Structures are given as C-alpha cells and as structure tokens.
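Data first, discussion second: the structure below is written as structure tokens.
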Amino acid sequence: MTAPSDPAPPSGAPAPHGAGRLLAVSDLHVAVTDNRPIVESLHPASEADWLIVAGDVAERPEDIRWALGLLAERFAQVIWTPGNHELWTLDKDPVRLRGQARYDHLVELCRELGVLTPEDPFPLWPGPDGPVAIAPLFLLYDYTFRAPGTHTKEESLAVAHQSGIVCNDEYLLHPDPYPTRDDWCRARVAETERRLAAHDPEIPLVLAGHWPLVREPTSIMWYPEFAQWCGTELTADWHRRFNVSAVVYGHLHIPRTTWYDGVRFEEVSIGYPREWRERGHPRGLLRQILPYEPESAPPARTGTGTATSGGSL
C-alpha cells in the first residue's frame with residue numbers, strides 16, 4: 001500500500017524507443033483531501049503518453065478544472081468522460097447548472113484545457129501496431145441492472161429504498177431537460193451507438209466510459225441493489241459488435257482486469273481513502289491499456305467473465 005505522502009509507485013515501465021503508452025485512471029475524487037496528493041503524483045513516463053480519465057474527478061467545476069488542467073500539462077493528450085459525480089448539482093456549488101446544461105459547461109471547460117470529451121471526434125492513438133481510436137463514452141444508466149428478484153424499475157428502486165442502499169444521484173443528478181435519468185441514458189446510448197456504427201471497422205477501438213458496459217462486473221458488489229445505478233443492458237453486446245481492443249470503466253471502485261467474450265475490461269478507479277488504504281494500489285496508480293502487457297495469458301473462455309488480476313475484492 002502507498003500512502004499519499006509516500007512516493008507514488010511507478011505506473012508502468014516506459015515504452016521502448018520513446019513511444020507513448022495509453023494509460024487510464026478514474027474516480028480521482030479530488031475534493032477528498034487525501035486524494036489530491038495522489039493526483040499531484042501522477043506523471044507520464046514518456047512525453048508521448050496519453051491518459052484517459054474515466055469520470056468522477058470531482059463534483060465542483062473548480063476542482064475538475066484543477067485536476068484536468070494539471071494532467072493536461074503533463075500528458076500528451078488527456079481524454080475525459082463524465083461520471084455521476086461531475087453531474088451532481090450541490091447546494092453550495094456556485095455553478096447552479098443542472099443536467100445537460102451542466103454537462104455542456106464541463107465540455108467547454110475541457111476544451112479550454114485541450115482535453116477531449118465524448119463530444120469530439122474519436123482521437124487516434126498512434127500505437128506500435130497501427131492507430132487505435134479512443135471512444136470516450138457518456139452513457140449513464142437506465143435501471144435495467146435491477147435488484148435481484150425484481151422485474152421493473154419501480155420494484156428495483158423500492159427494494160433499494162427499503163434496504164437503505166440508494167445512490168445520491170436520486171437527489172443530486174438532475175436529467176434536465178429529459179424527464180428522467182433513464183430517458184437521458186437512452187438518448188446518449190442511441191447517439192453513441194450511431195457514432196460507433198459509423199466508425200471505420202478496420203481501426204480498433206478502446207471504449208472508455210465511467211459505467212461498465214456489461215452487468216457482470218457488478219456481481220461481486222457487497223450491495224447488489226446498487227447495480228441499478230451502474231449501467232444499462234443496451235450496451236451488453238458492444239464489445240462483440242464492434243472491433244474493440246479493450247474497454248475501460250470505473251464507478252465500482254473495484255479495480256481489476258476481467259475478460260468477457262475474449263475482450264479485456266479494465267476497471268481503473270482510485271476510489272476513496274478508506275478503500276485504497278485497504279487494498280493499496282497493486283498495479284500502480286495508472287493502468288496501462290496499450291500496448292497491452294499481459295501478466296498471464298487471457299482465460300480460454302467466453303460468455304461469463306473471468307478476473308485475471310487487480311486489487312482486493
């Protein structure tokens with residue numbers, strides 16, 4: 001385990017001949033005092049390194065600007081996609097924007113910093129085996145990862161409220177101008193799916209978003225009721241339909257590598273101090289997505305996921 005005051009562990013060996021790496025991190029939560037030194041410790045090993053930041057940087061735009069600005073000064077390219085925390089409207093936040101207007105404000109903030117977002121063309125990372133397109137995804141969730149034994153959104157939410165496991169999004173993440181968060185989710189999924197279908201299938205993709213694309217990663221959560229705020233069944237086949245090299249996500253605060261249908265999924269979150277003090281940072285603070293350096297051969301199975309490495313569960 002590495003405390004914030006200790007030197008950060010190396011985030012991976014430098015790529016040969018000065019070539020850059022594609023790295024990823026999520027759930028920095030920089031408003032938490034002990035997490036800010038972690039962000040300050042993040043450095044590339046090469047001036048050509050790219051960094052994906054897969055959501056939950058902070059709640060307030062001023063903290064988001066600080067963190068993304070710092071990283072944009074260090075990495076050759078930073079790519080951001082929002083998590084639920086960026087979309088919260090807190091009572092004491094001077095930025096009173098809600099829903100789509102808040103997201104648009106954050107997109108403009110990123111453009112001022114030179115940070116790419118889901119509203120930009122997919123950038124091409126110049127990999128050693130040819131270019132790879134990075135697709136930052138903003139998708140939300142639609143309550144289809146329902147609580148066990150339930151069959152509708154209403155039943156699933158009722159179980160969550162009865163158990164006391166309710167995401168703060170229900171009070172702080174406003175979908176304006178959409179009627180509900182699930183309506184906003186379906187609109188985002190439809191537009192993103194259109195863009196992915198129009199992408200050149202000869203150029204492989206890294207799909208990078210805050211919420212997992214498939215439900216399987218949520219099966220190990222302590223509170224299964226929380227899964228309904230973790231994604232949508234509408235994306236369950238994207239890693240098979242499209243030419244995908246890897247999928248990057250966060251949100252669950254369970255950093256690990258899993259494989260589904262032969263495709264690598266990387267959960268890259270830092271999480272809260274109580275979590276990373278418990279498990280440490282077993283694979284460094286930044287996850288190397290490409291070039292892929294397997295710790296072992298991927299499991300020879302499809303369908304159900306298999307965890308191959310990562311932090312304590």
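Worth pointing out:
- Surface analysis of segment 107-201 yields an accessible area of 46 Å² per residue, using protein heavy atoms and a 1.4 Å probe.
- For the chain, average projected area of the Cα convex hull in nm²: 15.5
- Assuming charge only on the beta carbon of Lys and Arg (+1) and of Asp and Glu (-1), the dipole of segment 117-231 about its Cα centre is about 160 debye to the nearest 20.
- Antiparallel content of DSSP bridges confined to the chain, in %, to 5: 45
- For the chain, a simple Cβ point-charge model (Lys and Arg +1, Asp and Glu -1, everything else neutral) yields a dipole of about 380 debye relative to the Cα centre.
- Legend: calculated FRET efficiency, residue 66 to residue 237, from the Cβ-Cβ distance at R0 = 41 Å, rounded to 0.05, equals 0.60.
- Fully extended contour minus Cα-Cα distance, from residue 158 to residue 279, at 0.36 nm per residue: 40.3 nm
- Extended-chain gain in nm, criterion 0.36 nm per residue less alpha-carbon gap, residue 93 and residue 223: 43.8 nm
- Per-residue HN-Hα couplings for segment 240-248 [Karplus 6.51, -1.76, 1.60; θ = phi - 60°; Hz; x = Gly/Pro]: 9, 6, 10, 7, 9, 7, 6, 10, 10
- Stretched out straight at 0.36 nm per residue, the stretch from residue 151 to residue 34 would grow longer than its current Cα-Cα span by 38.1 nm.
- Rounded to the nearest 500, the helix-only mean residue ellipticity at 222 nm of the chain stands at -7000 deg cm²/dmol, with each DSSP H run of n ≥ 4 adding -39,500 (n - 2.57).
- Between the amide H of residue 290 and those of 22, distances stay under 5 Å, these residues lying 5 or more places away or on another chain, with hydrogens modeled in the peptide plane.
- Whole-angstrom gap from segment 244-274 to segment 203-238, using each part's C-alpha centre: 10
- Measuring nothing but protein heavy atoms, the accessible surface of the chain at 1.4 Å probe radius is 52 percent carbon and sulfur.
- Shape call, segment 165-272: gyration tensor on alpha carbons, a/c limit 1.5: oblate
- A Förster radius of 22 Å combined with the Cβ-Cβ distance from residue 43 to residue 195 puts the calculated FRET efficiency at roughly 0.10.
The values are calculated or read from the model by the stated rules, or taken from the named source; none is laboratory data. Note that this is a predicted model, so its numbers are computed, not measured. FYI the Cβ positions are ideal-geometry reconstructions off the backbone, even for glycines, and counts take in every protein chain you see. Note: accessible area is taken over every heavy atom of the protein model, side chains too, but ligands, DNA and RNA are not part of it. Shrake-Rupley method; radii C 1.70, N 1.55, O 1.52, S 1.80 Å.
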